[in-house]
Amino acid sequence: MNFLDLVKLRRSVRAFQSRPVEQEKLDYIMECVRLAPSAVNLQPWRFRIVTDSETLVALAGCYKREWLATAPCVIVACCDHEASWHRRADNKDHGDIDVAIAVEHICLAAAELGLGSCWVCNFNAELCRERLALPGQLEPVALVPLGYAEESSEALPEKNRKALEDLLF
């Protein structure tokens with residue numbers, strides 16, 4: 001599969017089968033994440049892979065959408081802002097950008113393996129921090145539910161994207 005085909009295959013999945021994600025697939029996904037680029041190679045990301053039902057239920061309470069509870073796995077992507085690169089000119093923190101690159105590596109690797117995923121950024125980060133007992137320097141940036149999609153990607157409509165000429169200036 002070429003990269004364009006992989007990008008077309010990646011979808012935001014919001015309904016998952018109860019089937020667990022195999023450890024080998026999680027290991028592969030995390031190896032892809034480990035190799036993601038980051039500003040000045042500081043790699044300020046940290047991840048919690050959640051597969052146990054009790055913690056999955058606790059995480060579902062951080063984002064009040066019923067579909068999240070159908071995911072057999074959620075990867076919590078965190079940023080250590082003390083370890084991220086800050087641009088000298090204006091002190092802009094690039095940690096969120098680095099975590100975003102890593103999260104997209106998760107989503108693309110999952111798609112390659114036949115798994116569905118979805119970025120979730122609109123969640124209660126403070127509640128997530130509390131429920132996972134995260135250390136103070138870690139900020140939960142995104143939840144990435146992961147699993148086998150309830151519906152095959154072939155059954156989904158084509159992605160609605162702006163034309164290339166609308167993106168260039």
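Below, the figures for the structure above:
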quantity	calculated
Odd one out for Arg161 among (1) more than 26 Å from Gln17 (Cβ to Cβ); (2) open to solvent by less than 80 Å² (accessible area, probe 1.4 Å); (3) assigned to a loop (DSSP other than H, G, I, E, B); (4) among the charged types (D, E, K, R)	(2)
Cβ pairs under 8 Å, 6+ apart, first in the stretch 119-146 and among the acidic types (Asp, Glu), second open to solvent by 30 Å² or more (accessible area, probe 1.4 Å) and in a loop (DSSP other than H, G, I, E, B)	Glu139/His81
All positions within the stretch 4-18 that are assigned to a loop (DSSP other than H, G, I, E, B) and open to solvent by 70 Å² or more (accessible area, probe 1.4 Å)	Arg14, Ser18
Val144, sole failed condition from (1) open to solvent by less than 60 Å² (accessible area, probe 1.4 Å); (2) over 20 Å from Ser18 (Cα atoms); (3) of a type in the set (A, V, I, L, M, F, W, C)	(2)
The stretch 53-73 residues that are within 18 Å of Leu26 (Cβ to Cβ) and among the small types (Gly, Ala, Ser), paired with ones that are open to solvent by less than 30 Å² (accessible area, probe 1.4 Å) and not in a loop (DSSP other than H, G, I, E, B) (beta carbon under 6 Å, 6 or more apart)	Ala71/Phe16; Ala71/Pro145; Ala71/Gly147
Residue tally, condition of a type outside the set (Asp, Glu) and free of Cβ contacts under 8 Å to residues at least 40 places away in the same chain, over the stretch 85-114	7
Unique residue being within 13 Å of the chain's Cα centre (by Cα) and farther than 26 Å from Glu24 by Cα when the list is Asn91, Asn122	Asn122
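The values are calculated or read from the model by the stated rules, or taken from the named source; none is laboratory data. Please read these numbers as outputs of a predicted model, since none were measured by experiment. Heads up, the Cβs are rebuilt from the backbone with ideal geometry, glycines too, and the neighbour counts pull from every protein chain shown. For the accessible areas, the whole protein counts, side chains as well, though only heavy atoms, and no ligand, DNA or RNA atoms are used. Shrake-Rupley method; radii C 1.70, N 1.55, O 1.52, S 1.80 Å.
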